[in-house]
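One structure is given below, encoded as structure tokens.
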Amino acid sequence: MANSDLTFLPDPDAESISSDVAAFNGILVSTQIPTRADGSLELGSITAQSECTLQALKVALERAGSSLDRVMHLTIYLTDMADRAAFNQVYQRFFAKPWPVRAAVGVASLAVEGMRVEVTAMAAQG
């Protein structure tokens, strides 16, 4: 994109076709999947996937000069809404009051077979 008022931080994976974080006027947007620190996908339990996804979000936001406590809105995509309680247990270890505005959305599937969670977050810079 050639918009001078937008900033994109590329995903560390050279093969990715998505940016890790986009920024506009002090607002950051990031979408994360259950990626381990080494770049591989975590396709185990919903707890393990949720931990990897939120850790990846934390790392992406910190690389962009923000943090989880600056998240204003989070959209959680789950392939099974029965996983919501387990996701929420992990979520409460990463976030604290005042809680971000959030929505949990049930979807039929995600980009990779076996992937059960994906999150999109909007955060303030700084």
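Need the failing condition index for L61 against (1) touching a residue at least 60 places away in the same chain (Cβ under 8 Å); (2) not in a helix (DSSP H, G or I), just the number.
Of the numbered conditions (1) touching a residue at least 60 places away in the same chain (Cβ under 8 Å); (2) not in a helix (DSSP H, G or I), the odd one out for L61 is (2).
Taking the stretch 82-101 as the search range and keeping residues that are charged (D, E, K, R) and under 16 Å from the mean Cα position of the chain (by Cα), which one is surrounded by the most Cβ atoms within 10 Å (Cβ to Cβ)?
Across the stretch 82-101, the extreme among qualifying residues is R84.
For the stretch 92-114, indicate whether the set of residues that are of a type in the set (A, V, I, L, M) and in a helix (DSSP H, G or I) is non-empty.
No.
If you go through the stretch 43-54 one residue at a time, do you hit one that is polar (S, T, N, Q), touching a Leu at 6+ places or on another chain (Cβ under 9 Å) and closer than 21 Å to E113 by Cα?
Yes, the stretch 43-54 has at least one match.
Look at A48 and say whether it is of a type in the set (G, A, S) and surrounded by fewer than 19 Cβ atoms within 10 Å (Cβ to Cβ).
The answer is yes for A48.
Taken together, the values in this text are just the output of simple stated rules run on the coordinates, not laboratory data. The structure presented is a predicted model; accordingly, all values stated were derived computationally and were not measured. Virtual Cβ from ideal backbone geometry, glycine too; neighbours counted across all protein chains shown.
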